[in-house]
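The values are calculated or read from the model by the stated rules, or taken from the named source; none is laboratory data. Quick caveat: nothing in here was measured; it's all calculated off a predicted structure. Methodologically, a virtual Cβ is constructed for each residue, glycine included, from the backbone with ideal geometry; neighbour enumeration extends over all protein chains shown. In case anyone asks, the SASA skips ligands and DNA or RNA and just uses the protein heavy atoms, side chains included. Shrake-Rupley method; radii C 1.70, N 1.55, O 1.52, S 1.80 Å.
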Amino acid sequence: MRAAFLIPTQIIACMCAGAVVKVMFLGDIAAVNTTLAPGMNLAQGVFAEMFFTSYLVFVILMLAAEKSKDTYLAPLGIGLALFVAEIPGVYYTGGSLNPARSLGCAVAAPSFPGYHWIYWVGPLLGALIAAGYYRFVKVCHYEEANPGQDNATDPPDV
């Protein structure tokens, strides 16, 4: 139910943000569009966006959705994961990881690359893979690999 409100809100907000950036800064906003690196084909672009997004979403699920005594450090871990995903992502695909990031610039420019769809398909597939893998590790009871990890006073029973 939340997605019915969050997705349209993100789409509207990215277009508004793109328009604000276009008005505030001189130059062609099309220069900040997400584009594939020279030599990257569409399949490589989709796979790269899928891989980077799945990595980020899985980190978010494990650090923020899973509650432990270290949950307060989740923003640091998520920020580092985003940084690590963006290092190669910016060069190869423009580092979208979120369709709203690509849509806002493209609407404000207005110049949609012919392969803009990869910035929707890649992150969607990546999120599905991350959610599936998260479910898999939950079914396998990953928390039993280190029993008592959140118990600071009692030693684990071995």
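Things to note:
Residue-wise test of (1) of a type in the set (A, V, I, L, M); (2) in contact with a strand residue (DSSP E or B) (Cβ under 7 Å, 6 or more places away or on another chain); (3) at pLDDT 95 or above.
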residue: Gln10; (1), (2), (3): no, no, no
residue: Cys14; (1), (2), (3): no, no, no
residue: Gly18; (1), (2), (3): no, no, no
residue: Phe25; (1), (2), (3): no, no, no
residue: Leu36; (1), (2), (3): yes, no, no
residue: Val46; (1), (2), (3): yes, no, yes
residue: Glu49; (1), (2), (3): no, no, yes
residue: Ala64; (1), (2), (3): yes, no, no
residue: Pro75; (1), (2), (3): no, no, no
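- Tally, over the stretch 106-132, of residues that are open to solvent by 20 Å² or more (accessible area, probe 1.4 Å) and in a helix (DSSP H, G or I): 10
- Only a single criterion out of (1) in a helix (DSSP H, G or I); (2) open to solvent by 70 Å² or more (accessible area, probe 1.4 Å); (3) free of Cβ contacts under 8 Å to residues at least 60 places away in the same chain is not satisfied by Glu86, namely (2).
Here is a yes/no grid of residues against (1) open to solvent by less than 50 Å² (accessible area, probe 1.4 Å); (2) basic (Lys, Arg); (3) in a helix (DSSP H, G or I):
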residue: Ala3; (1), (2), (3): no, no, yes
residue: Thr9; (1), (2), (3): no, no, yes
residue: Ala30; (1), (2), (3): yes, no, yes
residue: Leu36; (1), (2), (3): yes, no, no
residue: Ala48; (1), (2), (3): yes, no, yes
residue: Phe51; (1), (2), (3): no, no, yes
residue: Leu56; (1), (2), (3): yes, no, yes
residue: Leu61; (1), (2), (3): yes, no, yes
